[in-house]
Amino acid sequence: MKSIREIENILKNRNPGTIGKHKFFSVAIPLVETEEGLSLLFEVRASRLKTQPGDICFPGGNIEEGESPAQCALREMEEEIGISASEVNVIGQFDTLYGFSGYTLYTFVTELDRKLLEKIRINEDEVAEVFTVPVEFFIKNSPENYDVEVVSKVEDFPYEKTGISPDYNWRKGVNILPLYRYKDKIIWGITARMAKWLVEKVIV
């Protein structure tokens, strides 16, 4: 067993982590000037993907060991649509989303030159297509909002050993799911939350 001083030394030289299983993700939120004005660039996830196939999202993914959230967002953008980090202007880090299912999502607002849209080369294993939506659309249109209750599913818990009543009031949460309909595209869930939050907190 370590002494208090040894424990103190370990903590001084240790980067804080998370207790239990947790995942970290990072996305780029690309802004680009188009013929329709300032716009957001979105991806449609490939139908062959195991998670969220066909969903609309921003470029991003799982943070790998040794890289920063910003590096992850730019790496994923290059892997998914072929735009390298050297071609992207990172305007700044935006707000962080903490998910109810044990994940943290970092967001970075980026600027893409309009000419880069012609250089996009999608990775068909991950992306089906890309498209842009004028920011004005999110300003003028409110989303449909759906609140999904998140409850704890508790099975085989030894209530009698802990002295906790079987009708114990386990924590609950709410997953906010906004939904936008833009032409033939449905932008919903986390991606819609990020777009809505960015417009409300920074752009308007």
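The values are calculated or read from the model by the stated rules, or taken from the named source; none is laboratory data. This one's a predicted model, so the numbers in the text were calculated from it and none came from an experiment. Ideal geometry is used to build each Cβ from the backbone, glycine not excepted, and the neighbour counts take in all protein chains shown.
A few points about this structure:
- Enumerated strands (runs of 3 or more DSSP E) restricted to segment 59-100, each holding at least 1 residues that are in contact (Cβ under 8 Å) with a residue 60 or more places away in the chain and more than 19 Å from A192 (Cβ to Cβ): 89-93
- Residue match in segment 54-64 (condition: polar (S, T, N, Q), surrounded by fewer than 17 Cβ atoms within 10 Å (Cβ to Cβ) and more than 13 Å from E126 (Cβ to Cβ)): no
- Selected residue (criterion: farthest from the chain's Cα centre (by Cα)) from residues of segment 39-57 that are in a loop (DSSP other than H, G, I, E, B) and of a type outside the set (D, E, K, R): S47
- For the residues Q93, Q52, Q71, the requirement of being among the polar types (S, T, N, Q), modelled with pLDDT of 95 or more and within 23 Å of P178 (Cβ to Cβ) singles out Q93.
- Every listed requirement among (1) of a type in the set (D, E, K, R); (2) assigned to a loop (DSSP other than H, G, I, E, B); (3) under 23 Å from V130 (Cβ atoms); (4) in contact with a Lys or Arg (Cβ under 9 Å, 6 or more places away or on another chain) is met by E33 save one, (2).
- Qualifying residues in segment 14-38 (those that are among the polar types (S, T, N, Q) and either surrounded by 13 or more Cβ atoms within 10 Å (Cβ to Cβ) or within 19 Å of the chain's Cα centre (by Cα) (or both)) - the one farthest from I122 (Cα to Cα): T18
- Single residue of segment 115-130 satisfying the filter (touching a residue at least 40 places away in the same chain (Cβ under 8 Å) and in a loop (DSSP other than H, G, I, E, B)) that is nearest to the chain's Cα centre (by Cα): E126
- Only one of the numbered conditions (1) part of a helix (DSSP H, G or I); (2) aliphatic (A, V, I, L, M); (3) surrounded by 11 or more Cβ atoms within 10 Å (Cβ to Cβ) is not met by L11, and that is (3).
- Qualifying residue in segment 158-170 (condition: within 16 Å of V133 (Cα to Cα), in contact with a helix residue (DSSP H, G or I) (Cβ under 7 Å, 6 or more places away or on another chain) and of a type outside the set (A, V, I, L, M)): no
- Filtered residues of segment 104-116 (kept if surrounded by fewer than 17 Cβ atoms within 10 Å (Cβ to Cβ) and not acidic (D, E)): T104, R114, K115
- Within segment 69-103, tally of residues that are surrounded by 13 or more Cβ atoms within 10 Å (Cβ to Cβ), closer than 22 Å to E124 by Cβ and out of contact with any Gly (no Cβ under 6 Å at 6 or more places or on another chain): 13
- Scanning segment 15-33 for residues that are farther than 21 Å from A73 by Cβ and of a type outside the set (G, A, S) turns up P16, I19, K21.
- Test result for G61, small (G, A, S), at pLDDT 95 or above and over 16 Å from the mean Cα position of the chain (by Cα): no
- Scope segment 145-195; condition charged (D, E, K, R) and in contact with a Ser or Thr (Cβ under 9 Å, 6 or more places away or on another chain); matching residues: R171, K172
- Segment 109-157 - residue that is farther than 24 Å from D95 by Cβ and of a type in the set (K, R) and, of those, modelled with the lowest pLDDT: K153
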